[in-house]
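*Asks:* Let me begin by handing over the structure; questions about it come next.
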Amino acid sequence: MIVKIGNRLVGGSNPTYIIAEIGINHNGDISNVKKLIDMAVDTGCDAVKFQKRAPELCVPENQKNVMRETPWGIISYIEYRQKLEFGLNEYKEIDSYCRTNNIQWFASAWDIESLSFLEEFDLLCYKIPSALITNHDLLQAYRDTGRICILSTGMSTIEQITEAVKIFNKENLLIAHCTSTYPSPLEQLNLKMIDTLKERFGTIVGYSGHEVGLSTSYAAVTLGAKFIERHITLDRAMWGSDQAASVEHGGLKRLVENIRDIEKALGDGIKKVYPEEFIALKRLRL
């Protein structure tokens, strides 16, 4: 199965689609966004991804007035979430900057209001957060856009994933294996689920990782993941819940380069004798 996201074919024998998840690691600062986009462009990623919420809809009532320490001082959780959100002007700037730098962008909408907001930008695809896989009203709204959707499956049972998949047209659906801990312990990654999801649902399957290190993303590619998503950051020591599970510039560069090397090395599975082997063949074979 192959889908087209913009000018990129994803699936089959096509190169792994590499998504740099900016998420909320910009800490509400558009200058940080541009630096993170520059980082994704410089390292050869295919797309950057954001998160869009209406905090008044997404933050549970019992959490809204909980006070917490933030870069803006001690403020309520709802105020904190609001400071992380960008409005129309910022997203227009993001859209323009990505177009100028020739990189695709898309986002996760955490509520129907945010999905309607993002529809103004005619995005190539959407990513559905793991937290919302059981929100069938929102999933139906995603389906109704007619766009390609990537369904993330962290903290979900196989039964919950099955019910979510039923809502979509499989021609427009990709599934991301995911574990929703930040950072994820290695023993909880369960990368063999990539094959399980492919066999069970017959869709393009990828991997969204929140672990420390890169080796597991390489393993996911060898196990058949057709897209890889990793959170990126300017500095893992920055304030924010996702920073420690994110990849800095040097790591992202290695990630992309090594995935491209792995793709070359995997080959086509057809045994052949290469011309360069004939020298050794003539010298060593009796």
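Read-outs throughout are calculated quantities, based only on the coordinates presented, and are distinct from any laboratory measurement. As the structure is a computational prediction, the values presented were derived from the model and not from experiment. Neighbour counts are summed over all protein chains in view; Cβ atoms, including those assigned to glycine, are modelled from backbone coordinates with ideal geometry.
*Asks:* With 5 Å bins from zero, work out the P(r) of region 157-217 over every alpha carbon pair and list the percent per bin.
*Replies:* 4, 17, 27, 24, 15, 10, 4
*Asks:* Taking +1 at the Cβ of each Lys and Arg and -1 at the Cβ of each Asp and Glu, which of L255, T100, A265 sits farthest along the dipole of the chain towards its positive end, judged by Cα position relative to the Cα centre?
*Replies:* Result: A265, furthest along the dipole toward the positive end.
*Asks:* Just want the ordering: F121, F86, from fewest to most Cβ atoms lying within 10 Å of their own Cβ.
*Replies:* Least crowded to most crowded, the residues run F121, F86.
*Asks:* Given Cβ point charges of +1 (Lys, Arg) and -1 (Asp, Glu) and nothing else, what value in debye, to the nearest 20, does the dipole of the chain about its Cα centre take?
*Replies:* On the way: 33 positive and 37 negative charges, 246 e Å.
Here the chain has a charge dipole of around 1180 debye.
*Asks:* With the cut-off at 1.5 for a/c, could you classify region 6-87 from its C-alpha gyration tensor as rounded, prolate or oblate? Intermediate results must be reported in sequence, preceding the final value.
*Replies:* Details: a/c = 3.65, a/b = 2.10, b/c = 1.73.
It comes out prolate by the Cα gyration axes.
*Asks:* Consider just the alpha-carbon atoms of region 1-156 and return their Rg together with their Dmax, both in angstrom.
*Replies:* In Å, with Rg to one decimal and Dmax whole: 16.2, 50.
*Asks:* Give the separation of the Cα centroids, region 49-97 to region 111-145, in Å.
*Replies:* Between the Cα centres of region 49-97 and region 111-145 lies a distance of 18 Å.
*Asks:* Here's another thing I want to ask about it. Please work out whether region 81-128 counts as rounded, prolate or oblate from its C-alpha gyration tensor, where a ≥ b ≥ c are the square roots of the eigenvalues and a/c under 1.5 means rounded, while otherwise a/b larger than b/c means prolate and anything else oblate? Can you show the working numbers first?
*Replies:* Details: a/c = 1.94, a/b = 1.30, b/c = 1.49.
Oblate, since a/c reaches 1.5 and b/c is not below a/b.
*Asks:* Please rank T222, T100, T179, fewest neighbouring Cβ atoms within 10 Å first, as an exposure proxy.
*Replies:* With the fewest neighbours first, T222, T100, T179 line up as T100, T222, T179.
*Asks:* Mind giving me the nanometre distance, one decimal, between the label points for D137 and T157, set 7 Å out from Cα along Cα→Cβ?
*Replies:* 2.3 nm
*Asks:* For the residue pair E187 and E69, what label-to-label distance in nm results when each label sits 7 Å from Cα along the Cα-to-beta-carbon direction?
*Replies:* 3.1 nm
*Asks:* Name the residue farthest towards the positive end of the dipole of the chain from the options M67, I37, N7, assuming +1 on Cβ of Lys and Arg, -1 on Cβ of Asp and Glu, about the Cα centre.
*Replies:* N7
*Asks:* Picking from A265, A225, A40, which is most flexible by a Gaussian network model of the chain using Cα springs under 10 Å?
*Replies:* It is A265.
*Asks:* Using a simple spin-label model with points 7 Å from Cα along the Cα→Cβ vector, what separation in nm is obtained for I167 and M1?
*Replies:* Distance between label points: 1.7 nm.
*Asks:* Counting residues in region 2-284 as N, plug N into 2.2 N^0.38 Å and put the Cα Rg over that result. Show your work: numbers first, answer last.
*Replies:* Details: Rg = 19.9 Å, N = 283, 2.2 N^0.38 = 18.8 Å.
Output field value: 1.06.
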